[in-house]
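Written below as structure tokens is the structure these notes are about.
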Amino acid sequence: MARIIVVTSGKGGVGKTTTSAAIAMGLAKRGHKTAVIDFDVGLRNLDLIMGCERRVVYDFINVINGEASLNQALIRDKHCDQLYILPASQTRDKDALTQEGVGKVLEELSKDFQYVVCDSPAGIERGAHLAMYFADDAFVVTNPEVSSVRDSDRMLGLLSSKSRRAERNEEPIKEYLLLSRYAPDRVKLGDMLSVDDVQDILSLHLLGVIPESKSVLTASNSGVPVILDDKSDAGQAYADIVARYLGEDKPHRFIDEKKGLLAKLFGGK
């Protein structure tokens, strides 16, 4: 059976789709057969970040409605043959997603895949609820700002009460914190919440900190998950996150401000 991961947040623009693409690619590159599903019906951004938008013929809703088989809709990633993408529809309404339909697709994927990553839309509407409903693990992505953290806290309430696991009195969804667009120099100036501030509010296990990085935008525009850019801080941060999720002990990087050359030479802080 596949492990189902939902990548979620309360607020838009925090990096959920970037994270979904990176996590899915990281798992697949480590030899785990992985599928990543775009739940954002009507917008459909995941295929752009994965660089497969021209290969979309059938989508998630086509499969739910029986208009295409899962095999017809899945797109094999061009960078890794262990990774498959199930795109969202740009033309359907969010109400086209049904709990029964989503459940059937996930059940079918679970027979053949080790991990299924669900890229959730922002907020608490239908797509977001269905993305989290069947989850085993939740990656809660938040920026180090009060409104983003507050909205993520609300999502934690939904994860603990409105999931299939909660309804069945099963072990709760495992929740992990991913702190994105982090800039230690701005934290030092008081312009951003610190890692400790965010953890004090959310009380979540910190899986990783993704630094503010131009490489994220460059990778997105190129249709390549940023984790494949192993020279960038963001790419390395996502690789560390995947390793920690799989049980490896990795020290947290990118939390402290980088020292300049002179500071390193003369012991400056």
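Some values worked out for this structure:
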quantity	calculated
Flag for PHE60 being open to solvent by less than 30 Å² (accessible area, probe 1.4 Å), aromatic (Phe, Trp, Tyr) and over 25 Å from LEU246 (Cα atoms)	yes
Which numbered condition SER222 misses (of (1) surrounded by 18 or more Cβ atoms within 10 Å (Cβ to Cβ); (2) closer than 22 Å to GLY12 by Cα)	(1)
Neighbours by Cβ (under 6 Å, 6+ apart or cross-chain): first from segment 176-198, over 16 Å from ASP151 (Cα atoms); second assigned to a strand (DSSP E or B)	TYR182/VAL209; TYR182/PRO211
Criterion violated by GLY208 - all others in (1) in a helix (DSSP H, G or I); (2) modelled with pLDDT of 95 or more; (3) open to solvent by less than 20 Å² (accessible area, probe 1.4 Å) satisfied	(1)
Residues that are touching a Ser or Thr at 6+ places or on another chain (Cβ under 7 Å) and modelled with pLDDT under 95, drawn from segment 24-43	PHE39, VAL41
Any hit, segment 175-188, residues being in a loop (DSSP other than H, G, I, E, B) and touching a helix residue (DSSP H, G or I) at 6+ places or on another chain (Cβ under 8 Å)	no
Yes/no for ILE23 being of a type in the set (Val, Ile, Thr), assigned to a helix (DSSP H, G or I) and over 18 Å from VAL7 (Cα atoms)	no
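The values are calculated or read from the model by the stated rules, or taken from the named source; none is laboratory data. Just so it is clear, the structure is predicted and the values come from calculations on it, not from any experiment. Positions of Cβ are generated from backbone atoms using ideal geometry, with glycine treated the same way; all protein chains shown enter the neighbour counts. Note: accessible area is taken over every heavy atom of the protein model, side chains too, but ligands, DNA and RNA are not part of it. Shrake-Rupley method; radii C 1.70, N 1.55, O 1.52, S 1.80 Å.
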